[in-house]
Amino acid sequence: MTDWLEHSVQVEVPVTIEAAWELWSDLEQMPQWMKWIESVSILEHDPDLSRWKLASGAFEFTWLSRIVQLIPKQIIQWESVDGLPNRGAVRFYDRHGSSIVRLTVAYAIPGILGKIMDNLFVGRVVESTIQADMDRFREYAIRRR
């Protein structure tokens, strides 16, 4: 039995929605602001597929991800098709000169492990980590502006 844990965070970025979209949609640049993502490679034969590597300390995970929905300046939605089971979306909201970028990430874990993780507040650690990533994205966008 598998459970899905989901986390959503957002950040306001003081750049236009076009700029936020352009920076985020360049997936191979994500390791510059996502602490645990070591690499992202777009597959040449299918640009909707990308190979991801997450590494931190003693653990490492890889997965192949497929973009399942892409609406420019609105949403990039994905799901893994191989490796670490995960899915999510990043949504963009125009604030007339600034942007709200909202990231939702879900990952599958064995049912009993999910209950243990919930009790150990691991979910809060994951959420604070991706919030810190979003804060780094804001700083990255400001520098690139």
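The values are calculated or read from the model by the stated rules, or taken from the named source; none is laboratory data. Since the model is a prediction, treat every value here as computed from it, not as a measurement. Using ideal geometry, Cβ is built from the backbone for each residue, glycine included, and neighbour counts are taken over all protein chains shown. Surface areas here come from the heavy atoms of the whole protein model, side chains and all, with no ligands, DNA or RNA. Shrake-Rupley method; radii C 1.70, N 1.55, O 1.52, S 1.80 Å.
Could you list, in sequence order, all residues of the range 56-113 that are part of a loop (DSSP other than H, G, I, E, B) and touching a helix residue (DSSP H, G or I) at 6+ places or on another chain (Cβ under 6 Å)?
Of everything in the range 56-113, just one residue is part of a loop (DSSP other than H, G, I, E, B) and touching a helix residue (DSSP H, G or I) at 6+ places or on another chain (Cβ under 6 Å), namely Lys73.
Taking interchain pairs and intrachain pairs at least six residues apart, which have beta carbon atoms under 6 angstrom, with the first residue in the range 46-59 and more than 16 Å from Leu84 (Cα to Cα) and the second open to solvent by 40 Å² or more (accessible area, probe 1.4 Å) and not polar (S, T, N, Q)?
Asp48/Arg66
Considering the range 64-100 alone, what residues qualify as being of a type in the set (A, V, I, L, M, F, W, C), open to solvent by less than 30 Å² (accessible area, probe 1.4 Å) and either within 18 Å of Trp21 (Cα to Cα) or in contact with a Pro (Cβ under 8 Å, 6 or more places away or on another chain) (or both)?
Within the range 64-100, Ile75, Ile76, Ala89, Val90, Phe92, Ile100 qualify.
Do we have any residue at all in the range 45-54 that's within 19 Å of Arg138 (Cα to Cα) and out of contact with any His (no Cβ under 8 Å at 6 or more places or on another chain)?
no
Of the residues in the range 4-31, how many are part of a strand (DSSP E or B) and open to solvent by 50 Å² or more (accessible area, probe 1.4 Å)?
Looking only at that region, the number is 4.
Which residues, taken from the range 61-86, are in contact (Cβ under 8 Å) with a residue 40 or more places away in the chain and not hydrophobic (A, V, I, L, M, F, W, C)?
Pro72, Lys73, Pro85, listed by residue number.
Do we find a residue being among the basic types (Lys, Arg) and within 13 Å of the chain's Cα centre (by Cα) anywhere in the range 69-88?
yes
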